[in-house]
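Asks: Dumping the structure here so I can ask a few things about it.
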Amino acid sequence: MGTEIIRYYENYTPVADITVIATCIVFVILIYNAYINKNKSFLYLRFIIGSLAISAIFDLLYHIAMNYVGGINNLLIYLPRAAYHIGLFTVMWLYVLYTKEVMGLDKKAGRPYFYAAAVAWIAIVGYETVGTYLHFGFYIDENLNVHRGFPIFPVGYIYYVVLIAVMVFLNRSKFIKQVIISMAETVGVSIAIMGIQQLHNQSSFTTVTFLFPIYALLYHIHSSPYDVETGSVSEHAFFDFVELAKLKEEEYYFLSMYMHDFEGKGRKYPRTIQRAVRYFSTRFFKSATLFQISGGHMILVVNINKNPGYKEKSQWMLDEFLTVYPQYRIDYKIVFFGMDKRIEDGIDYINFVRFIHDSIPQNTIVRADKNDVDRYMRNKYIVFELEDIIKKNDLNDPRVLVYCQPVYNIRTGKFDTAEALMRMQLPAMGMIYPDVFIPIAEKKDYISMLTKIILSKTCRAIKELMEKGYNVKRISVNFSVYDMRADDFCETVEAIIGSSGVPFDKVAIELTESQNEQDFELIKTRISELKGSGIKFYLDDFGTGYSNFERIMELPFDIVKFDRSLVMASGNDERYRTMVSNLARMFREVHYSVLYEGIENEEDEKRCIEMSAKYLQGYKYSKPIPIERLTDYFEKIG
């Protein structure tokens, strides 16, 4: 055996490669048994770990084979050595792909880095294979002397480190600063070890240096430790979990529990609840993962392939829960649901289950199905359109329509007033009615923009009617307390009406009485501020829910609208008729005009006229119509 070969092998110890292989095995054990944030980037990290372990194995085989130079075919040396280097540079390429994925670079932005890594990999693999074959790279001659050729490995190593560094630097805004610092310091340690072993003519610790970035990535990006009290992992981990499940096309079943008592900062589960959570999350399903979405919201995720009969098991779980529930007596909402391709990601799944939560009372259990997903998708689409309306801030947005219901004036026997009603016309759904989109708009705090659009379009319609010679006494627009909470409410209303060129007394604002003391004072202030401009005010829905006469008298309304429920009650019971009649007379005597809603026939009309009505509104006269069709009801002057 040649002395150069002996010296070359004596500078290698297998301990480092064995350590790498063992560490990679530990990584696999931790990934399987601990919870790691799993997403598309994590797939690259798994390939990195696998490629590094394979590289270490081939490095061991290569150095073992070197011990038998002259006694074995040189191909048995060349092949593991080439596989070792190819494996390490595959790891470097995967690091590039991993970094690109973590930074969220799209195909266009990530393409240059992908090609730069690919070209380098092809060049290195080509040099390793062709160089050995043509004897300008690594080879062993007939005298058993080792020829190493051009030092392609350190050059390639530096190339990939620089490529990743440039990619991170140019896209540093997409990375957390602490992660960048940790990765730079970790790679610095790796480079230092590479340099030290070169100074000592060593090659044992090359694969070890590739381990350190894996530690940093697992700790910083994929670490999601279990909560020791409940055995749950974080909401962020849920997002990654769903992303990977969709990528791998795996099927999961979700069991959601919401307990509002534990929402909010600092509210922790009592120990009895913690024990119950741990028990139920591990007792019935194999390899299930519990996610803590918020303080009072948890989702248990069950792999369907690993849990045949999962629906029956979920029922057993539910039966046992209901058996022990009397011990706890904490309000809950439970929702069972499966994966659906229409639901896009983890955030979407959480929004879906919260949508179900909002639609059910406390202590209710629901097994959500396709129809629930259909309802959610409609709701999601409406939210999307509302967000776009808010973003565009266009007072003439064609998706928001003004409908009107004409109001009959008893004194003149004509239609000269109307109530503006909101509708939405959406491309994918057609006509949407207020009972569908108003609650969504109020919950999302979008209602003020819709009201401004309706007010603006109503003012323009009034102006057009007046210019055509029609007699318009006024048209009322509904406002909510959410609108009035805006600091610039009065300025906005006056600006919209003023810019339209319509006299202020042609517009009325309809308000519903508020039970909230703070809102009552706010409404009182707003009415006082706007009253002087000539705007009229209606008290809407009188007779529903809470009515405080003392408060009503404090608010300078012009018209009180009696709800349809009072009209119906007065026709069904003489006592109600006496009560409603006396209420209406009382309002008339203190100079409020009375408008009855929901007039559907001549009997309603006659009765309400006898009960001090000044205005009548309902289907007897007209269903809601586009505001442009008020010309069918209003008369021209002269």
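Asks: Between A486, A461, which is small (G, A, S) and either touching a strand residue (DSSP E or B) at 6+ places or on another chain (Cβ under 8 Å) or not assigned by TED's automatic domain parsing to the domain that holds R551 (or both)?
Replies: Being small (G, A, S) and either touching a strand residue (DSSP E or B) at 6+ places or on another chain (Cβ under 8 Å) or not assigned by TED's automatic domain parsing to the domain that holds R551 (or both) holds for just one of A486, A461, which is A461.
Asks: Still on this structure, I have one more. In this structure, does L163 turn out to be within 23 Å of D17 (Cβ to Cβ) and not hydroxyl-bearing (S, T, Y)?
Replies: No: the conditions fail for L163.
Asks: Give the residue, chosen from G131, G110, G137, G104, that is in the same structural domain as G87 (by TED's automatic domain parsing) and on the phi > 0 side of the Ramachandran plot.
Replies: That would be G104, the only listed residue that is in the same structural domain as G87 (by TED's automatic domain parsing) and on the phi > 0 side of the Ramachandran plot.
Asks: I'm told K391 meets every condition in (1) surrounded by fewer than 18 Cβ atoms within 10 Å (Cβ to Cβ); (2) in contact with an Asp or Glu (Cβ under 7 Å, 6 or more places away or on another chain) except one. Can you identify the failing condition by its number?
Replies: Tallying (1) surrounded by fewer than 18 Cβ atoms within 10 Å (Cβ to Cβ); (2) in contact with an Asp or Glu (Cβ under 7 Å, 6 or more places away or on another chain), K391 fails exactly one: (2).
Asks: If you don't mind, another one. Please work out which residue is farthest from the chain's Cα centre (by Cα), limiting yourself to region 517-540 and to residues that are surrounded by fewer than 19 Cβ atoms within 10 Å (Cβ to Cβ) and acidic (D, E).
Replies: E529
Asks: I've got another one for you. When the residues of region 295-310 are narrowed to those that are under 27 Å from the mean Cα position of the chain (by Cα) and not in a strand (DSSP E or B), which ends up modelled with the highest pLDDT?
Replies: This residue is I304.
Asks: Across region 358-376, what is the number of residues that are touching a helix residue (DSSP H, G or I) at 6+ places or on another chain (Cβ under 9 Å), closer than 20 Å to D435 by Cα and of a type outside the set (D, E)?
Replies: Result for region 358-376: 4.
Asks: Kindly indicate whether V162 is at pLDDT 85 or above, over 30 Å from G71 (Cβ atoms) and assigned by TED's automatic domain parsing to the domain that holds G110.
Replies: Yes; evaluated as a whole, the condition is true for this residue.
Asks: Could you tell me whether region 324-346 includes any residue that is assigned to a strand (DSSP E or B) and free of Cβ contacts under 8 Å to residues at least 60 places away in the same chain?
Replies: Scanning region 324-346, I find no residue that is assigned to a strand (DSSP E or B) and free of Cβ contacts under 8 Å to residues at least 60 places away in the same chain, so the answer is no.
Asks: How many of the residues in region 15-71 are closer than 30 Å to D345 by Cα, surrounded by 22 or more Cβ atoms within 10 Å (Cβ to Cβ) and charged (D, E, K, R)?
Replies: Final tally of qualifying residues: 1.
Asks: Please work out which one of (1) touching a residue at least 40 places away in the same chain (Cβ under 8 Å); (2) over 44 Å from the mean Cα position of the chain (by Cα) is the condition Y127 fails and give its number.
Replies: (1)
Asks: Still on this structure, I have one more. Among M553, M579, M586, M611, which is the only one that is more than 23 Å from F537 (Cβ to Cβ) and either aliphatic (A, V, I, L, M) or not assigned by TED's automatic domain parsing to the domain that holds K463 (or both)?
Replies: The unique qualifying residue is M579.
Asks: Of the residues V402, V373, V407, which is crowded, with 17+ Cβ neighbours inside 10 Å, under 29 Å from F238 (Cα atoms) and among the β-branched types (V, I, T)?
Replies: After ruling out the rest, the residue left standing is V373.
Asks: Right, next: Within region 190-219, work out how many residues are within 20 Å of A53 (Cα to Cα) and surrounded by fewer than 13 Cβ atoms within 10 Å (Cβ to Cβ).
Replies: Matching residues across region 190-219 total 1.
Asks: Continuing with this model, one more query. Of the residues D435, D445, D483, only one is at positive phi, under 34 Å from the mean Cα position of the chain (by Cα) and without any contact (Cβ under 8 Å) to a residue 60 or more places away in the chain; which?
Replies: Exactly one of D435, D445, D483 is at positive phi, under 34 Å from the mean Cα position of the chain (by Cα) and without any contact (Cβ under 8 Å) to a residue 60 or more places away in the chain, namely D445.
The values are calculated or read from the model by the stated rules, or taken from the named source; none is laboratory data. Keep in mind that what you see is a predicted model, and the values were worked out from it rather than measured. Note that each Cβ is placed from the backbone with ideal geometry, even for glycine, and that neighbours are counted across all protein chains shown.
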